[in-house]
Amino acid sequence: MKRRWLVPFTVVLVLVGTFGTGAAPAGADVNHGGLVPEEPLAGVPRVADGIVWAQARVGNRIVVGGSFTQVELPDGTLVDQPYLFAYDIESLAFDFGFDPVVEDAVLALEADPDGSGIYVGGQFKQIDGAWRLRFAKLTNDGEVDLGFSADVDARVMAIAADTQRVYIGGAFSWAGGQPRSGFAALDAATGEVDTLVADLSGDLGKAGSGTVRALDIHPDGSTLLMVHASRYVNGLERPVATMIDLGADAITDWRTDWYLFAGPRCSQGAVQVRDAEFSPDGSYFVIVEKGNWSCDKAIAFPTADGPGLEENLWVTAAFDSVYSVGISDAAVYIGGHFCFVEGLGPIATADVAGYPFVPKPAACESGGNENTAGIQARYQIAALDPATGDPLDWNPGVNAQQAVFDLEVLDSGLLIGHDRDRVNTFRTGRHAYLQLFDPVLVDPPDPNPDPSCSVELDAADNPVLSWDQIPGNDRWQVRRDGSWLATIEGATTFGDTAAAPGAHSYVVRYRIDDNTTDLTCDPSPIVVPDDPGPGGQCLVVFDANGATIGWDDVDPDSRYQIRRDGSWVATTNGLTTYVDPFGAPGDTYVVRYRLDGSVFDLDCQPV
């Protein structure tokens, strides 16, 4: 038997479905017209353990793969379904008919564009007892396609497919009995190895990172993007990003040297790219990477060949690892292990070696970080402006332990794969679906045809919100200055004890029948006055060493943030002095600290 049940055992109404006869083609319509909602769809089967590494839509099903072993149904029943399962995209019913027994982790999924099944890659050696080393094709009902065979000697981490061939990338050295270095092209129907070769050499990364990490086919089907951490492909210098003309089966002239100059600044001097994707119109693509704060970036490049080497369109810093990217017309969604995002605009390759990248402004706090000058707080997931790379007003937050490892943009929304259990505070398990809907603002029903929200300061100068009850709703999302702050159930008041001094605008958001309404709290903005705090003095001396700052120890935790001319410079722990070698007369300094959730600034007086 393939199915194993765990307690609690309950009677479940089984909705049996089959995959549709067609799959979304390459370059499928992802013109959302706006951002996906911040709240995940309720009723989706929850992955209960492990990691979700891969997600795909196949006909009318969502297929989820990873290193998990159990799936929890909405009624609380736990089902043993290791590494791969499916559910209906409309009813959200777990598909009991799709139950392949996979022997090890699934790392990559791709629907066959002709609708005949799904390609599966990973670390496994068997599926349903049939030997399928790291790569296989399943039929629409989850059975092994016995007519397709292409054994690979090491893990497969990336898949792309057209109607003629399927392209795989990973850490392997042979596929289908033929030598293939990290990349192979296979016949889409049989798995026979194709003559197209793209051998990698000149490793730019550390152990294993020179392998192919991402593959994507241009929406018009003409070009394959291959992202790796090697310097050469077929002997041609193509560091990290390589374009393959699928009509001529040849490496194109497209090339950037960004990673040759940026790579030495990464952790251990190693390039560690993790994902890449074309935009829906094919005009650009985005590569994401990890490798310490100098290299934790999302970078957009133009697709078309220009004269000479290609420069980036924009660079976005995440200050910590970025693992995944998904692109719609409205946003570039990135996921990983980060808590701040800053758009840096375009940076010339010639400037990257000396570019003044800075570390994150504060330690990560789940849902508790604050925006700083030019840097936006975003926890493990963010949406970027496709034109500039700047973070957009979208901040659901994911409580991933290590990272958001997979993002898949569908015509109907966004799929999130990670390694913990909550998105925007909602319990989702390791997989979540943010379903697209038209955010139409509607008049709520009587007896509150004109609801309102007000905000005022309490005795401690903390903003306190109050709003009208709305029939049919008891769940509210409080937003400060465009970012999620808290989700409230069963109450119509909220006190914000963490608001920093300054002007703040508040919104209370609610949803009825898939319609979202925002109540702006009056007055907008409300000004939180500066609190002088418990007192204390700060002095600064300018000399040949720069600026020497000294201050009174007014924080019991002795944690202080040094700011020059309004921008973060450094954070000290247990110290009440700091030397800024770049300080010069005329610079203004502030020492910032926090007491009981409130932020205080000591203005430093020049001596």
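For Ala248 and Tyr232, compute 0.36 nm times the residue count separating them, minus their Cα-Cα distance, and round to one decimal in nm.
3.8 nm
What's the extension gain from Val541 to Ala491 if we count 0.36 nm per residue and subtract their Cα-Cα distance?
Once the chain is fully extended between Val541 and Ala491, it gains 12.8 nm.
Residues of region 469-549: accessible area per residue at 1.4 Å, in Å²?
46 Å²
Spelling out what I want: for every residue of region 166-173, take phi, set θ = phi - 60°, compute 6.51 cos²θ - 1.76 cosθ + 1.60 (Karplus), and round to whole Hz; glycine and proline get x.
10, 10, 10, x, x, 9, 8, 10
Roughly what would the spin-label model give for Thr520 and Thr588, points 7 Å off Cα along C-beta, in nm?
2.9 nm
For region 516-588, with all protein chains present and a 1.4 Å probe, just round the carbon and sulfur fraction of the accessible area to a whole percent.
52 percent
Pull up all non-local amide H partners of Asn395: gap of 5 or more, or a different chain, and H-to-H distance under 5 Å with H placed in the peptide plane.
Trp484
Suppose R0 equals 51 Å; then what is the FRET efficiency for Thr388 and Ala130 from their Cβ-Cβ distance, rounded to the nearest 0.05?
On the way: r = 49 Å, r/R0 = 0.97.
Rounded to the nearest 0.05, the efficiency is 0.55.
What's the carbon and sulfur percent of region 229-282's accessible surface, probe 1.4 angstrom, rounded to a whole number?
Numbers: 790 of 1880 Å².
Answer for region 229-282: carbon and sulfur cover 42 percent of the accessible area.
Using a simple charge model, +1 on the beta-carbon of Lys and Arg, -1 on the beta-carbon of Asp and Glu, nothing else, what dipole does region 337-419 show about its Cα centre, in debye to the nearest 20? Can you show the working numbers first?
Working: 2 positive and 11 negative charges, 46 e Å.
Computed about the Cα centre, the dipole is about 220 debye.
What list of ³J(HN,Hα) couplings, whole Hz, do you get for region 125-139 from phi and the Karplus terms 6.51, -1.76, 1.60, once you set θ to phi - 60° and write x for glycine and proline?
10, 9, 9, 6, x, 8, 5, 9, 6, 6, 8, 7, 10, 10, 6
Counting Lys +1, Arg +1, Asp -1, Glu -1, what net charge surrounds Pro581 among other residues with beta carbon under 13 Å of its beta carbon?
Net local charge, Pro581 excluded: -2.
Compare the peptides 498-506, 349-357 by average per-residue count of other Cβ atoms within 10 angstrom and give them in order, highest first.
The peptides rank, most packed first, as 498-506, 349-357.
Give, as a single signed number, the net charge of other residues whose beta carbon lies under 9 Å from the beta carbon of Gln55, with Lys and Arg counted +1 and Asp and Glu -1.
Neighbourhood net charge equals -1.
Which whole-number percent is the relative contact order of region 224-337 (Cα, under 8 Å, 6+ apart)? Working shown, then result.
Values: 258 pairs, mean separation 21.7, N = 114.
So the answer I get is 19 percent.
The values are calculated or read from the model by the stated rules, or taken from the named source; none is laboratory data. Quantities reported herein were computed from a predicted structural model and do not represent experimental measurements. Counting neighbours? That spans all protein chains shown, and the Cβs are built from the backbone with ideal geometry, glycine included. Surface accessibility is based on the protein's heavy atoms, side chains included, excluding ligands, DNA and RNA. Shrake-Rupley method; radii C 1.70, N 1.55, O 1.52, S 1.80 Å.
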